[in-house]
Amino acid sequence: GDGCGHVVMYQDSGTLASKNYPGTYPNYTLCEKKIQVPPGKRLILKIGDLDIESQKCESSYLTVQSSSTLHGPYCGNVMPVPKEIILDSNEATIHFESGSHVSGRGFLLSYASSDHPDLITCLERANHYTKAEYSRYCPAGCRDIAGDISGNIGEGYRDTSLLCKAAIHAGVIADELGGQISVTQQKGISRYAGGVANGVPSPRGSLSDKRFIFTSNGCNKSLSLEEGFLSKSQVTASSYWEETNEFGQLFQWSPDKAWLQVPGLAWASNHSSNREWLEIDLGEKKRVTGIKTTGSGSTMLNFDFFVKTFTMNYRNNNSKWRTYKGILSNEEKVFQGNSNSGDVVRNNFIPPIVARYVRIVPQTWHQRIALKLELMGCRIMQANSSFTHSMWQKPSQSTETSLGKEDRTVTEPIPSEETNLGLKLTAIIVPVLIVLCLFLFSGICICAALRKREAKGLSYGLSSAQKSGCWKQIKQPFTRHQSTEFTISYNNEKETPQKLDLVTSDMADYQQPLM
């Protein structure tokens, strides 16, 4: 039968494994796959694991056939297995064959184009590296590879976690695409919180010597925690449920209760169908990078309502509703929601949604449609290069989220605190410059008068002043050293505040400061 197991192939990278990996592969099976990268690029292969039961590679083996070279056969201990194979072409055929055997995991390999020489496999862990900071390229298809991770995007991940799988959990890369990751190693913590995110479970972890954190662009903050957000935003729904208990008390599961930060009841629809929706008006166009959902049990233990799967719709002013679609297909993407009513599940949008209005449309649920949520993202910054990460670029015509007529204005100037701060600094600096110019002009006039009087043989001032020159007299009282620094901070980015020094030189060497 078919001896191929886990296979995910994208235009620039991919992952292949034998059937049942890391379990025992079948007897008398065959797996043959052609892999390729864009023309003009060379193919790089990394063999993460190879365990084939064969002494002489007669009936069970793995080969890699390029246009001009056969690499292999590889099996057992007959021929050393290279960790990396760089081919002279952009395509190759992977051939795996097995005979009768008792044990053996088979193989797992990853590939990428020569644009990514820092390619790693899905099996590499953070404790394989000693550097405090490093960057690597993860191939597509690491989400479903066997191996544990522990931690979350906030506190970091235990250093025994699989790097690429943790990056998918954190929302740094998409499993369908792969991508570049930047990692910082830090001192470990006593306990790692778990949780499900992007289809990857992360069990709780115990004490470790080190942990690692992914470097991100900072656009993953809770939108509902922004100052004034809950008062500016509006939440509406197709319907909501009103319940009267046995004591005659009325409970309204209204849409305003849908926020995760609001204690009490959740939003619940009056009807249970996939035509129900919950709509959020963000007040302005924003970049939405993720969503957290939970069921009724997070705050009301006597109810067991939750949404299992859902889709996302979005629009801007005076535009039609659009469906968020999968990266590699032209079909709407169905997100995996909750499996119980109490835990919080996170899903990231890669590429992000850029819109003012978003809708959550439940597809499947348990007992009744009910949920509480939190949106993650940031305001749109003008010409912010940190948002041009390759994982947010549209890979094909199928994903319409990051392009389109409505979204081409994502870098339009918008009023911001930085603009107001610049105006305030200008109002302070301009009068200061005028005063300094008046002092300089007065000094020149005094100097000229002194020289004129000296020429007539008149004595003026002290003898020490005459010897030192007129500039010495003027310069000395006004000697200035580096001025007090103004610190400009940016609320929407995790960057070190930039310091603006207004005056850095003595008055004699004064020149207009760079603004």
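Any residue at all in segment 348-367 that's closer than 15 Å to G295 by Cβ and either among the aromatic types (F, W, Y) or not in a strand (DSSP E or B) (or both)?
Among the residues of segment 348-367, at least one is closer than 15 Å to G295 by Cβ and either among the aromatic types (F, W, Y) or not in a strand (DSSP E or B) (or both), which makes the answer yes.
Return yes or no: is L260 open to solvent by less than 10 Å² (accessible area, probe 1.4 Å), under 25 Å from G377 (Cα atoms) and in contact (Cβ under 8 Å) with a residue 60 or more places away in the chain? Please lay out each step first, then the result.
Values: open to solvent by less than 10 Å² (accessible area, probe 1.4 Å): no; under 25 Å from G377 (Cα atoms): yes; in contact (Cβ under 8 Å) with a residue 60 or more places away in the chain: yes.
For L260, the condition - open to solvent by less than 10 Å² (accessible area, probe 1.4 Å), under 25 Å from G377 (Cα atoms) and in contact (Cβ under 8 Å) with a residue 60 or more places away in the chain - is not met.
Yes/no per residue for (1) under 29 Å from the mean Cα position of the chain (by Cα); (2) in a strand (DSSP E or B):
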| residue | (1), (2) |
| --- | --- |
| F251 | no, yes |
| Q261 | yes, no |
| G264 | no, no |
| L282 | yes, yes |
| K285 | yes, yes |
| I291 | yes, yes |
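Looking only at segment 130-161, count every residue that is assigned to a loop (DSSP other than H, G, I, E, B), open to solvent by 40 Å² or more (accessible area, probe 1.4 Å) and either closer than 20 Å to P22 by Cβ or touching a residue at least 40 places away in the same chain (Cβ under 8 Å) (or both) and tell me the total. Step through it out loud before you land on a result.
Within segment 130-161, the subset assigned to a loop (DSSP other than H, G, I, E, B) is 130-132, 139-150, 153-155, 159-161.
Checking the rest, the ones that are also open to solvent by 40 Å² or more (accessible area, probe 1.4 Å) come to 130-132, 143-144, 146, 148, 153-155, 160.
Then keep just the ones that are either closer than 20 Å to P22 by Cβ or touching a residue at least 40 places away in the same chain (Cβ under 8 Å) (or both); that gives 131-132, 143-144, 146, 148, 153, 155, 160.
Matching residues across segment 130-161 total 9.
Might you check whether a residue that is open to solvent by less than 40 Å² (accessible area, probe 1.4 Å), among the polar types (S, T, N, Q) and in contact (Cβ under 8 Å) with a residue 60 or more places away in the chain occurs anywhere in segment 268-279? Step through it out loud before you land on a result.
Restricting attention to segment 268-279, the residues satisfying the condition of being open to solvent by less than 40 Å² (accessible area, probe 1.4 Å) are 268-269, 273, 276, 278-279.
Remaining after also requiring among the polar types (S, T, N, Q): 269, 273.
Remaining after also requiring in contact (Cβ under 8 Å) with a residue 60 or more places away in the chain: 269.
Yes, segment 268-279 contains a residue that is open to solvent by less than 40 Å² (accessible area, probe 1.4 Å), among the polar types (S, T, N, Q) and in contact (Cβ under 8 Å) with a residue 60 or more places away in the chain.
Can you tell me which residue is farthest from C122 (Cα to Cα) among those in segment 23-61 that are assigned to a loop (DSSP other than H, G, I, E, B) and among the small types (G, A, S)?
So the first thing to find is which residues in segment 23-61 are assigned to a loop (DSSP other than H, G, I, E, B), and the list is 23-29, 37-42, 52-60.
After this cut, where a residue has to be among the small types (G, A, S) as well, the list is 23, 40, 54, 59-60.
Working: G23: 16, G40: 26, S54: 25, S59: 28, S60: 24 Å.
Per the criteria, the residue is S59.
One line per residue, one yes/no per condition, for (1) under 22 Å from I145 (Cα atoms); (2) touching a strand residue (DSSP E or B) at 6+ places or on another chain (Cβ under 9 Å):
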{"position": "K33", "(1), (2)": "yes, yes"}
{"position": "R42", "(1), (2)": "no, yes"}
{"position": "D51", "(1), (2)": "yes, yes"}
{"position": "S59", "(1), (2)": "no, yes"}
{"position": "S68", "(1), (2)": "no, no"}
{"position": "E91", "(1), (2)": "no, yes"}
{"position": "S103", "(1), (2)": "yes, yes"}
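Exactly one of (1) open to solvent by 20 Å² or more (accessible area, probe 1.4 Å); (2) within 21 Å of C164 (Cβ to Cβ) is unmet by S110. Its number?
(1)
Consider S68 carefully, then state whether it is open to solvent by 20 Å² or more (accessible area, probe 1.4 Å) and either outside any strand (DSSP E or B) or in contact (Cβ under 8 Å) with a residue 12 or more places away in the chain (or both).
Details: open to solvent by 20 Å² or more (accessible area, probe 1.4 Å): yes; either outside any strand (DSSP E or B) or in contact (Cβ under 8 Å) with a residue 12 or more places away in the chain (or both): yes.
Criteria met by S68.
How do the pairs read when you match residues in segment 89-115 that are touching a residue at least 60 places away in the same chain (Cβ under 8 Å) with residues anywhere that are among the basic types (K, R) and surrounded by fewer than 17 Cβ atoms within 10 Å (Cβ to Cβ), using Cβ under 7 Å and keeping only pairs 6 or more apart or on different chains?
Qualifying pairs under 7 Å: T93/K34; I94/K33; S113/K41; S114/K41; S114/R42; D115/K41.
Being open to solvent by 40 Å² or more (accessible area, probe 1.4 Å) and of a type in the set (K, R) is the filter here; which residues of segment 1-58 pass it?
Selection gives K19, K33, K34, K41, R42, K56.
I need a count of the residues in segment 162-206 that are open to solvent by less than 20 Å² (accessible area, probe 1.4 Å), at positive phi and part of a strand (DSSP E or B).
Selection size over segment 162-206: 2.
Please enumerate the residues belonging to segment 302-315 that are farther than 18 Å from N270 by Cα and either touching a Leu at 6+ places or on another chain (Cβ under 7 Å) or crowded, with 18+ Cβ neighbours inside 10 Å (or both).
T311, M312, N313, Y314
Here's a check for you: in segment 371-385, which residue that is modelled with pLDDT of 90 or more and aliphatic (A, V, I, L, M) is surrounded by the most Cβ atoms within 10 Å (Cβ to Cβ)?
Step one: filter segment 371-385 for residues modelled with pLDDT of 90 or more, giving 371-378.
Then drop every residue that is not aliphatic (A, V, I, L, M), which leaves 371, 373, 375-376.
Details: L371: 26, L373: 21, L375: 23, M376: 24.
Out of the qualifying residues, it is L371.
The values are calculated or read from the model by the stated rules, or taken from the named source; none is laboratory data. Being a predicted model, the structure only gives us computed values, none of them experimental. Every residue, glycine as well, gets a Cβ built from its backbone with ideal geometry; the counts of neighbours run over all protein chains shown. Surface areas here come from the heavy atoms of the whole protein model, side chains and all, with no ligands, DNA or RNA. Shrake-Rupley method; radii C 1.70, N 1.55, O 1.52, S 1.80 Å.
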